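The structure appears right after this line, and notes come after that.
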Amino acid sequence: MAYKYTPWLIWVQLLILAAAAAAATTTTAGAKVPAVIVFGDSSVDAGNNNQLSTVLKSNFAPYGRDFFGGRATGRFSNGRIPPDFIAEAFGLRPYVPAYLDPMYNISDFAAGVCFASAGTGYDNSTSAVLSVIPLWKELEYYKEYQKKLRAYLGVKTANTIISEALYLTSMGTNDFLENYYTLPGRRSRYNIDQYQNFLVGIAESFVKELYGLGARKISLGGLPPMGCLPLERTSNFFGGNGGQCVESYNVVAVNFNGKLNVLVGRLNKELPGIKVVLSDPYYIFLRILRKPSAYGFDVASVACCATGMFEMGYMCDRLNPFTCTDANKYVFWDSFHPTEKTNNIISDFVIKHVLHEFF
Ligand SMILES: *[C@@H]1O[C@H](CO)[C@@H](O)[C@H](O)[C@H]1NC(C)=O
Ligand SMILES: *[C@@H]1O[C@H](CO)[C@@H](O)[C@H](O)[C@H]1NC(C)=O
């Protein structure tokens, strides 16, 4: 139908534009991705463990020495972690605060919030090893967050944020390395293939619960080449031999990522309106490890912190004379976690190749 613009119509459109502009100044609800919401383990924990009684903490120097203000927030790195880079890429604040961090409240969390807890996994029995937050409890915190968000912004705006937000999950490494291959319980019950299926089943229920709560844009994080973490390379216990990657763990990571990929395909078919993607860091991480100099690194097999072979958390203290001066030359910050620079490269890769769908 052809029609002529009348002054009246133009007025209505101007009013709509003005209303949209007003909404944009108070919240980011008009943005394509108004918030980044994070679940998982130390790969994405922004400091929730600071509030727990667990030994798995990093809210002291030298952690965070390259973060804004040199602050040790509880992130397991010298600087930022992937959700921070991803939030920045979506035009949000360049960091995602931890839900339990008393420095922040719902007005901050409206644009992004992290429920992750270092040491956790898909499996309840993994979080129990170091008394950290199990995944079901991260989800309970998320439900509480939804209530606070609705009280703060009103139901309509809150619901828009909830459905338009990008949900990032990243966990699984601890289920294998700290639980399955370390403790007898799960190994006596499942072979490795069955254990992977068990974890993928939990991932599936988790996505379905998030979907039921209104989430529509979800990135499941894949596993890194976990046989190449300095701790695994060094430790006899993990089959390390003189600094080589332990291939058997890398095979598990590849298999697990493959199973997650199948799950992602199925969820996209089953759940109307959902968009799930697999953010797989494996191959880009492996490329960095195989050719560190191509990415500006000098050292890939040991970490910056302390001797770089087995220390993390409290063993990475600020007085350790071995800690490196320039973390940008190292792929790993401590024996289990990448440096900010590595996090940045991997995040950029995932943003460009996977998360671009959400821009
Ligand atoms: C959040 O914290 C800021 C600054 O600390 C404060 O001004 C604001 O009133 C708080 N908002 C809510 C909703 O508690
Ligand atoms: C984990 O624990 C929670 C709380 O007890 C329970 O609801 C959930 O079913 C458990 N998950 C699995 C996979 O056993």
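The values are calculated or read from the model by the stated rules, or taken from the named source; none is laboratory data. This is a predicted model, so every value here is computed, not measured. With ideal geometry, Cβ positions are generated from the backbone for all residues, glycine too; neighbour counts draw on all protein chains shown. Side chains included, ligands, DNA and RNA excluded: accessible areas come from the protein's heavy atoms. Shrake-Rupley method; radii C 1.70, N 1.55, O 1.52, S 1.80 Å.
One line per residue, one yes/no per condition, for (1) away from ligand 2 (no atom under 15 Å from the Cβ); (2) open to solvent by less than 30 Å² (accessible area, probe 1.4 Å); (3) farther than 25 Å from Ile161 by Cα; (4) modelled with pLDDT of 95 or more:
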| site | (1), (2), (3), (4) |
| --- | --- |
| Asn197 | no, no, yes, yes |
| Glu204 | no, no, no, yes |
| Leu223 | yes, yes, yes, yes |
| Asn236 | yes, no, yes, no |
Criterion first (in contact (Cβ under 8 Å) with a residue 24 or more places away in the chain, within 16 Å of ligand 2 (Cβ to nearest atom), assigned to a loop (DSSP other than H, G, I, E, B) and open to solvent by less than 60 Å² (accessible area, probe 1.4 Å)) does Ser131 satisfy it? no
Determine if the stretch 79-94 includes at least one residue that is free of Cβ contacts under 8 Å to residues at least 60 places away in the same chain, more than 18 Å from Val38 (Cβ to Cβ) and either away from ligand 2 (no atom under 16 Å from the Cβ) or open to solvent by 10 Å² or more (accessible area, probe 1.4 Å) (or both). no
Restricting attention to the stretch 105-149, the residues that are within 19 Å of the chain's Cα centre (by Cα) and either polar (S, T, N, Q) or under 22 Å from Gly69 (Cα atoms) (or both) number exactly 11
Quick check on the stretch 198-247: of everything there that is basic (Lys, Arg) and under 24 Å from Val264 (Cα atoms), which residue is nearest to the chain's Cα centre (by Cα)? Lys217
Identify all residues within the stretch 65-107 that are among the charged types (D, E, K, R) and within 16 Å of ligand 1 (Cβ to nearest atom); write none if there are none. Arg93, Asp101
Inside the stretch 95-128, the number of residues satisfying the requirement of being of a type in the set (A, V, I, L, M, F, W, C), assigned to a helix (DSSP H, G or I) and within 16 Å of ligand 2 (Cβ to nearest atom) is 1
Residues in the stretch 134-163 that are assigned to a loop (DSSP other than H, G, I, E, B) and surrounded by 18 or more Cβ atoms within 10 Å (Cβ to Cβ): how many? 1
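This table checks each residue for (1) touching a Leu at 6+ places or on another chain (Cβ under 7 Å); (2) assigned to a helix (DSSP H, G or I); (3) away from ligand 1 (no atom under 16 Å from the Cβ); (4) touching a residue at least 40 places away in the same chain (Cβ under 8 Å).
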{"position": "Leu177", "(1), (2), (3), (4)": "no, yes, yes, yes"}
{"position": "Gln196", "(1), (2), (3), (4)": "no, yes, yes, yes"}
{"position": "Leu199", "(1), (2), (3), (4)": "no, yes, yes, yes"}
{"position": "Val207", "(1), (2), (3), (4)": "yes, yes, yes, yes"}
{"position": "Ala215", "(1), (2), (3), (4)": "no, no, yes, yes"}
{"position": "Pro224", "(1), (2), (3), (4)": "no, no, yes, yes"}
